[in-house]
Amino acid sequence: MLMFILRRVATMVLTAACLTFIVFFLTNLEPNLEKVAKSEAGSRISDAEVESWLERNGYTRPIFVRYGEWLGILPGWTGTEPDGRPRGRCVDRAADKANAPRYCGLLQGDWGFSTVFKQPVAEIVATRLALTGILMFWVMALMVPASLLIGVLAGMREGSRLDRTLSTFSIATTATPEYVSGVIFIVFLASNAGVQWFKGTATSAMDGVTFENFFLPVLTIALYGIGYIARMTRASMTEVMTAQYIRTARLKGMSFPAVVVKHALRNALIAPFTVIMLQFPWLLNGVVIVETLFNYKGFGWTLVQAAGNNDIELLLACSVVAVFVVLVTQLISDIGYVFLNPRIRVS
Amino acid sequence: MSKWQHDGPILEIENLSISFFTRLREIPAVMDFSCTVMPGEAMGLVGESGCGKSTVALAVMRDLGRNGRIVGGSIRFKGRDITRMSEAELRDIRGSEIAMIYQEPMASLNPAMRIGRQLMEVPMIHEGVSAEEARRRALEVVRDVRLPDPERILRAFPHQLSGGQQQRIVIAMALMSKPALLILDEPTTALDVTVEAAVVDLVKDLGRKYGTSMLFISHNLGLVLETCNRICVMYSGEAVETGSIAEVFDRMRHPYTQALFRSIPLPGADKNTRPLVAIPGNFPLPHERPPGCNFGPRCDYFEKGRCDAADVPMFRVPGDARHETRCLRFQEIDWSAPPRAAKPTQKTPVGDVVLRMEDLRKYYEVSGGLFGGGGTKLVKANETLSFEAREGETLAIVGESGCGKSTFAKVLMGLETATAGRILLYNQDIQDTPIEKRSTETVSSVQMVFQNPFDTLNPSMTVGRQIMRALEVFGEGRSDAERRQRMLELLDLVKLPRAFADRMPRQLSGGQKQRVGIARAFAGGAKVVVADEPVSALDVSVQAAVTDLLMEIQRRNRTTLLFISHDLSIVRYLSDRVMVMYLGHVVEIGSTDQVFSPPYHPYTEALLSAVPIADTHVKKKHIVLEGEIPSAMNPPPGCPFQTRCRWKGEVPGGLCEREVPPMVTLAPGHQIKCHLPREVLARMEPVITIAAE
């Protein structure tokens, strides 16, 4: 088991390196750098000035070297100002310029400085991620139990009226994207057009979560996932319910609820478990729309800001976090799968 | 709920009718079915697939699914009518009073639950006992079903056990609450013969020990003879004959029963002098049953205007109180008349050697574990296979699953290449040539008939098209018209109407599909045909016809037939020579007579004893092999069979555990791989003896 996890972690690190390099490459394309130069050194500089600015700030060196510096496995570039003061990637960011470290990258905890928020990136990511974490927790808390319940209830008697009702509901929710359902909720549940039970903005939730200010964004994200996971659970449940061992259990004299809970449930959850774990990375994207819609300044909102303002360092940090979340949830999903399904043996 | 006492019959089914309801129509599955099971009695329910025997079993459990409904009659269990019980009452009975053992043990155990929990559930539901008490009982029952190391078994998951062990667990589960009635639905169909023999033995012993009545459902008459006191033969939804085993086996009074017995190979049947008599025609579909007697259209004694006039009731056969038959003419038919003599045929003379195997080996490398890593293991699927097969000869290859017989077929066909040794086809080496590199001539001269006719035909291509495609591949015929003509001739050869050329495989029955498979195999004038269990997926009444067909084509084309099978009855019936395999080794080879009479290899002896024979005159020596077939990944040292051999003590000095025995020639053409000295071999008694009538 330990070997399995170690091997998985190793693959994970490799995947993360590849993915971050792709993001690094894309954010460091020529036109992008030009934009950076213009926003830093003034928007009316000539092409030659742009060139020399990039030259001076180390942007013209090979992409692999820059990637290595950013990661923190290669020493940062150094140079001197025209007035003789030392400067360089690490020197510029260090408080004590004389004793600047040689390495300053992701691995050293130096995530760079956001040009939009005028704050260190690490700080921004930490606070925003925490806010999104709260949102995701409540979404999961609502989505997972609700969808499993719906799926199991629908799947245990295939074709029954209950099944058809719940299936219709799940298909309807999955078919409604967040920007539609979110708007509908705001209009009917939080505005003059309908009842005003909830708040149409979740800005106040950043200071303190209440049912009133937080339920709508949570519901908007959860609803889409509920339909999806419920459909998967239902499919898996109907299949399990026709299995022979379910007949065995029934003919042991067990009552129908006991058959469902003791024999069908665990087998039926094996397939949806992977889907639920896949929801985590998906939620990370899903929050972009909902956080913007409800003006909740979390990770998704930050991502939009960073992308919109060409904030390279922040954008890179966001993608690192996203890659990390995806890979960790997949690892958890693989390990959990082994526990749920005894037939998969890990050697 | 306590078990109530009852003196009368355990199970009384009276005029039971069951129908399945589809959107289109009502399909009667069982009509007017009656039978009685007394305490301690074992009732065998025999019939071909689709005759309704499993439906009866599920009706007793009242578990017919959403579409099935009991439309008439009653099922009384210990005097109480099951058809009128509420769900709660049914739950009380299921598992505690009536328990069921299923056909596929792996599928009937919950894969995600430990064996112990699954067993413990039964008394915990029905008697409300504590977990410790339930565990204690589970241990006891697991010991009762003779499983080694019960503690470990209880902690295991189903996939960690072998098929035979799983079936023992299912039996243990059924016995947990000491039921009054045990329903066994083809309990051994998925198991190997020697494992089957052990399981049947166990069921009989436990039935005696617990005094349980049994309803034993099977298509195998031999198995029913060994396990049951009474038998009920079903045909197309009806019971056609019922009575004690002795009565029905020796004094049958229904034409279907008689035809059934004449179509199975019993000792004494021979392909040349006493061939099997196949039942003509096909099993009627449930919604296309004929008026009157269901068996009428296939019956030799059919009388127009009488047999097809009205539904036939059950008649009591005079002489025995509980022998009944559903035949109007049972008192007019001369039951002792010998079967209408099928033409005896001449034994085909055996020609030159066509195929020669020399020291053939096939090893597989298996990597350890799902996620890679670990060392690779060597699986020795075939070890030093040497034999030759002559023109026009039938060589049977016998052995249980995992003995390497299918691997050998794959190597011969070119689907795999040999690790070492030679395969000579007409003195031409073919062991290293995979099928895609073989010449058309070689490919068409070595062909195969597969076990499962349902999976080997392309479902979206007409039968004629598929045969023509084979002809095209084999380079037969110059134009499509020519090939079409040849295809029609092939259909004639396998005795299918020419109209079948335009049919889709789904419109054909199993036997007809297998005929198409045979036609395809012979399309290029095959010289060597490997028939891998060609009839084991077919119903008994169809088996004889397909076997006959194979024999006839062989006779005409002088084909060499390699007949792979685990069914020794059919092997004895049709083969000239037999090769017995165990764990990749050939343990015995010789002519059919040599192999089927002593001296035997100890494994052959056990195999012969394990095969159920549907003849009351046959006396068999009772040899039950203990233990499981060792895994080919981890074979025992020395002789492959030493872990289960009952003669091992006769070999001095533990030789069996050290050395693989050499091939010993006992008589011309008869070789065995055994350390036993000649004196001991000479002491062996025949396993099967036929008592004088």
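Projecting the Cα atoms of A:Leu153, A:Thr329, B:Ser34 onto the dipole axis of the protein assembly as shown, where Lys and Arg carry +1 and Asp and Glu carry -1 at the beta carbon, places B:Ser34 farthest toward the positive end.
Find how many whole Å separate the alpha carbon centroid of region B:142-212 from the alpha carbon centroid of region B:598-665. Cα centres, region B:598-665 to region B:142-212: 23 Å. For region B:510-526, the residues whose amide N sits under 19 Å from a probe point set 7 Å from the Cα of B:Thr440 along the beta carbon direction are B:520-526.
Taking the Cα centre of region A:2-108 as origin and assigning +1 to Lys and Arg Cβ atoms and -1 to Asp and Glu Cβ atoms, the resulting dipole is close to 520 debye.
Mean partner shielding of peptide A:252-261, defined as the number of other chain Cβ atoms within 10 Å of each residue Cβ, is 5. Using a Förster radius of 25 Å, what is the FRET efficiency between B:Arg143 and B:Asn634 based on their Cβ-Cβ separation? Nearest 0.05, please. In this case the efficiency is close to 0.45. Its Cα centre serving as origin, the protein assembly as shown has a Cβ charge dipole (Lys and Arg +1, Asp and Glu -1) of approximately 580 debye.
Using a probe of 1.4 angstrom and keeping all protein chains present, the accessible surface of chain A works out to 49 square angstrom per residue. If R0 is 35 Å, the Cβ-Cβ spacing of B:Arg208 and B:Val350 corresponds to a FRET efficiency of close to 0.10.
Per residue of peptide A:240-250, the mean number of Cβ atoms on other chains within 10 Å of the residue Cβ is 6. Farthest toward the positive end of the dipole of the protein assembly as shown, out of B:Leu676, A:Ala306, B:Ala310, is the Cα of B:Ala310, where the dipole comes from beta carbon charges about the Cα centre. Its DSSP H runs of at least 4 residues, each contributing -39,500 (n - 2.57), put the calculated 222 nm mean residue ellipticity of chain A at -22500 deg cm²/dmol, to the nearest 500.
Cβ distances below 4.7 Å define possible disulfide partners, and in chain A the cysteines left without one are A:Cys18, A:Cys318. With distances taken between every two different alpha-carbon atoms, the protein assembly as shown has a Kirkwood hydrodynamic radius of 34.7 Å.
Against chain A, whose longest principal axis comes from its Cα atoms, helix A:211-241 is set at around 50 degrees. Once the Cβ-Cβ distance of A:Arg7 and A:Val261 is raised to the sixth power relative to R0 = 25 Å, the FRET efficiency obtained is 0.10.
So what is the accessible area of region B:536-693 per residue, in Å², with the probe set to 1.4 Å?
Values: 6090 Å² over 158 residues.
With the other protein chains kept in place, region B:536-693 gives 39 Å² per residue.
Calculated mean residue ellipticity at 222 nm for chain B: -8500 deg cm²/dmol, from DSSP H runs with n ≥ 4 weighted as -39500 (n - 2.57), summed, divided by the residue count and rounded to 500. Temperature 20 °C, viscosity 1.002 mPa s: under these conditions the Stokes-Einstein estimate for region A:242-347, based on its Kirkwood radius over C-alpha pairs, is 126 µm² per second.
Computed from the alpha carbon atoms alone, the convex hull of chain B holds 187 Å³ per residue. With only Cα atoms counted, region A:121-340 has Rg and Dmax values of 19.8, 66 Å. Computed about its Cα centre, the charge dipole of region A:121-340 is approximately 1160 debye, with only Lys, Arg, Asp and Glu carrying charge at their Cβ. Surface composition of the protein assembly as shown: carbon and sulfur make up 56 percent of the accessible area, probe 1.4 Å. Size descriptors for region B:380-431, from the alpha-carbon set: Rg then Dmax equal 11.3, 31 Å.
How large is the Rg to Rh ratio of region A:140-270 when both quantities use alpha carbon positions and Rh follows Kirkwood? Across region A:140-270, the Cα-based Rg/Rh ratio is 1.12.
Projecting the Cα atoms of B:Ala99, B:Ile430, B:Ala197 onto the charge dipole of the protein assembly as shown (Cβ charges, centred on the Cα centre) puts B:Ala99 farthest toward the positive pole. The mean number of partner chain beta-carbon atoms within 10 angstrom of a residue's beta-carbon across peptide B:109-117 is 5. If you take the accessible area of B alone, add that of A alone, and subtract the area of the pair, what total do you get in Å², probe 1.4 Å, to the nearest 100? Buried area between the two chains comes out at roughly 2500 Å².
Cα-based values for region A:2-108, radius of gyration first and Dmax second, are 16.9, 58 Å.
The values are calculated or read from the model by the stated rules, or taken from the named source; none is laboratory data. All values reported here derive from a predicted model rather than from experimental measurement. Every residue, glycine as well, gets a Cβ built from its backbone with ideal geometry; the counts of neighbours run over all protein chains shown. Each accessible area value is taken on the protein alone, full model and side chains, heavy atoms only, with ligands, DNA and RNA left out. Shrake-Rupley method; radii C 1.70, N 1.55, O 1.52, S 1.80 Å.
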